[in-house]
Amino acid sequence: MTLKSHIDRRRTFAIISHPDAGKTTLTEKLLLFGGAIQMAGEVKARGERRRARSDWMKVEQERGISVASSVMTFDYEDHTFNLLDTPGHEDFSEDTYRTLSAVDSAVMVLDAAKGIEAQTLKLFEVCRLRDMPIATFINKMDREAKDPFSLLDEVEQTLALDVVPASWPIGMGRDFLGCYDLIRDQLILFDRGKGDTLTQGIQCSGLDDAKLAEYLPDHALDTLREEVDMARGLCPEFDLQAYLEGTQTPVFFGSAINNFGVRELLAGLGAFAPSPRPAPAVERAVAPDEAKFSAFVFKIQANMDPKHRDRIAFVRIVSGQFKKGMKMTHVRSGKVMAVHNAQLFLAQDREIAEEAVAGDIIGLPNHGTLRIGDTLTTGEKIRFTGVPSFAPEILQKVRPDDPMKAKHLGRALEQLAEEGAARVFKPYLGSDWVVGVVGPLQFDVLADRIRTEYQIPVKFEPTSLLTAEWVEGDARLLKQFVDGNRASIAEDHTGAPVYLARNSWHLDKAKDDFPDLRFLKTKEEI
Ligand code: GDP
């Protein structure tokens, strides 16, 4: 096989959904198709654990998952799927957004009784910014659900997205009989309670096929014909280009827990979802089949084994091919590194990567050299853009219970900042650190990690600070600003100056006094 055909087989995607819509269950079933049954059980166990009582417990449980299940690679028919997991709790959406920068398409899972929910909408907006193709899976049809027309209408109206049914449900809840696959003209009957076995679709010549009457009661068949007729009148035809541009979504109905409709979804992804797409860099766009290897870091995760302080950098390959032992340039530092111990994340296991191609994710054990957003390449020194950076919205001070541990705490915070788990600022004056996050639960997780991974019990305390903004500009002017405002200046973990504003008046005044400096809510991670 040529490199190009290897790359074309890849489908790298993520699932976006509101908690409880069925992401974990769907993931488990997708892995069953990929033959990764053992892992599927693990995902299930994790889902069950995660349905613990409090938010905090859920988060705690999620952190217990092995690094391996952040990326799940499996083969089905002619394709290799890389499914990237995203955290469930919205306080960790930073991580989700970064992960979305590393996929080529998404599956949006909706609960048929609930339709579009808050977190679905938020994640959808991120996908839209990237014109990402989205397939929709309407789950839990075995329960009382909204009417399929109103579900389609809700997706269309709320998301301003054209919808095209790929399958049509026959009844719902207790009367759910199955779906008619509109793409392959097949009747798929729902076999209640046989979640782990698969019913074969019954091939038909169309909705007029007399065979249908053998399987469906008259009233159900009449309704199906009527509804499909109406749906075809209301919805545009499936348009591959429109789906690839992110303006049209094919909609599959099913029931993940009953393994119903999952195969059709997977077949749809194989047939329509994009193979690896070009990625934007500062200098130019990079195509997947370029000969030179290039890749970017989109996530860093601490190894869960506290004895090993190393972290795994998750790297999305943008172009070319990775081979074990390959030498590549780390563009930010200019250093060349030989990579012998990259990992591949097979659904069941992790293994040392011998080879990987554009679209794949490899994990590089990392002692702090690699940061989120970094580019690695064997070619010219490009810098990939597109890994988003977030404004710290809530700021708290942190101090160790034992004041002698201040220095150790500093080191721990720096590492957590490099990992992207928080923004960390060291004020010029005073001995406390200031930590900025997006969601308040992140403080609980940080305190817990600092205690368990670094053996430093700490306390977070509220501050009266409004915001932290990075300050950039002419060096002489910057120095003048910093000297005149030392009580409000801090450094981030890279040493870049940050203005800690007590209130909006304070911030406005600083901006008025130094109109030629730039105040930034986020800092690009390149
Ligand atoms: P997540 O939070 O999106 O990962 O959702 P889960 O996969 O954990 O599912 C949430 C709940 O919905 C669990 O109790 C599942 O057993 C249940 N569930 C998932 N899929 C279905 C389905 O197709 N039908 C029904 N009735 N329940 C489902």
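Please count how many residues of the range 82-100 are away from the ligand (no atom under 16 Å from the Cβ), touching a Lys or Arg at 6+ places or on another chain (Cβ under 8 Å) and closer than 13 Å to Lys299 by Cα. Break it down stepwise before answering.
Start the filter on the range 82-100 by keeping residues that are away from the ligand (no atom under 16 Å from the Cβ), which leaves 82, 94, 97-98, 100.
If we keep only those that are touching a Lys or Arg at 6+ places or on another chain (Cβ under 8 Å) too, we end up with 82, 98, 100.
Narrowing the set further to residues that are closer than 13 Å to Lys299 by Cα leaves 98, 100.
Within the range 82-100, residues that are away from the ligand (no atom under 16 Å from the Cβ), touching a Lys or Arg at 6+ places or on another chain (Cβ under 8 Å) and closer than 13 Å to Lys299 by Cα number 2.
If I ask for residues that are buried (at least 21 other Cβ atoms within 10 Å of the Cβ) and more than 16 Å from the ligand (Cβ to nearest atom), which ones from the range 147-159 would you list?
Leu152, Val155
Can you name the residue in the range 252-274 that is modelled with pLDDT under 95 and farther than 15 Å from Val109 by Cβ and is also nearest to the ligand (Cβ to nearest atom) among such residues?
My answer is Arg263.
Which of (1) at pLDDT below 95; (2) assigned by the TED database to the domain that holds Arg128 is the odd one out, the single condition His308 does not satisfy?
(2)
Condition check ((1) modelled with pLDDT under 95; (2) under 25 Å from Asp209 (Cβ atoms)) across all residues:
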position: Ala106; (1), (2): no, no
position: Arg130; (1), (2): yes, no
position: Asp153; (1), (2): no, no
position: Glu156; (1), (2): no, no
position: Asp175; (1), (2): yes, yes
position: Gly178; (1), (2): yes, yes
position: Asp185; (1), (2): yes, yes
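Test Gly233 against the criterion of being more than 16 Å from the ligand (Cβ to nearest atom), closer than 25 Å to Lys146 by Cβ and outside any loop (DSSP other than H, G, I, E, B), and give yes or no.
Numbers: more than 16 Å from the ligand (Cβ to nearest atom): yes; closer than 25 Å to Lys146 by Cβ: yes; outside any loop (DSSP other than H, G, I, E, B): yes.
Considered against the rule, which asks whether it is more than 16 Å from the ligand (Cβ to nearest atom), closer than 25 Å to Lys146 by Cβ and outside any loop (DSSP other than H, G, I, E, B), Gly233 comes out as yes.
Answer yes or no: is there a residue in the range 12-32 that is part of a loop (DSSP other than H, G, I, E, B), modelled with pLDDT under 70 and surrounded by 16 or more Cβ atoms within 10 Å (Cβ to Cβ).
Within the range 12-32, the subset part of a loop (DSSP other than H, G, I, E, B) is 18-22.
Add one more test, that the residue is modelled with pLDDT under 70, and what stays is none.
Looking for residues that are part of a loop (DSSP other than H, G, I, E, B), modelled with pLDDT under 70 and surrounded by 16 or more Cβ atoms within 10 Å (Cβ to Cβ), one finds none in the range 12-32, hence no.
Tell me the residue from Gly436, Gly495 that is out of contact with any helix residue (DSSP H, G or I) (no Cβ under 6 Å at 6 or more places or on another chain) and in a loop (DSSP other than H, G, I, E, B), please.
Unique residue meeting the criteria: Gly495.
Looking at Arg184, Arg130, which one is farther than 17 Å from Ala231 by Cβ and surrounded by 15 or more Cβ atoms within 10 Å (Cβ to Cβ)?
Numbers: Arg184 fails: farther than 17 Å from Ala231 by Cβ.
Of the residues listed, the single one that is farther than 17 Å from Ala231 by Cβ and surrounded by 15 or more Cβ atoms within 10 Å (Cβ to Cβ) is Arg130.
Against the definition (more than 8 Å from the ligand (Cβ to nearest atom), surrounded by fewer than 22 Cβ atoms within 10 Å (Cβ to Cβ) and modelled with pLDDT of 90 or more), how does Arg9 come out, yes or no?
Numbers: more than 8 Å from the ligand (Cβ to nearest atom): yes; surrounded by fewer than 22 Cβ atoms within 10 Å (Cβ to Cβ): yes; modelled with pLDDT of 90 or more: yes.
Taking the combined requirement at face value, the residue satisfies it.
If the Cβ limit is 7 Å and pairs must be 6+ apart or interchain, which residue in the range 263-279 that is part of a helix (DSSP H, G or I) pairs with which residue that is of a type in the set (D, E, K, R)?
Listed by first residue and then by second, the contacts come to Glu264/Asp181; Leu269/Arg11; Gly270/Arg11; Gly270/Glu77; Gly270/Asp78.
For the range 12-29, which positions are more than 6 Å from the ligand (Cβ to nearest atom) and within 14 Å of the chain's Cα centre (by Cα)? It would help to see each step written out before you state the result.
We begin by selecting, within the range 12-29, every residue more than 6 Å from the ligand (Cβ to nearest atom); these are 12-16, 18, 26-29.
The answer is Thr12, Phe13, Ala14, Ile15, Ile16, His18, Thr27.
Count, please, the residues in the range 101-146 that happen to be away from the ligand (no atom under 16 Å from the Cβ) and among the hydroxyl-bearing types (Ser, Thr, Tyr).
2
The values are calculated or read from the model by the stated rules, or taken from the named source; none is laboratory data. Predicted, not measured: the structure shown is a model, and the values here were computed from it. We place every Cβ from the backbone using ideal geometry, glycine too, and count neighbours over all the protein chains shown.
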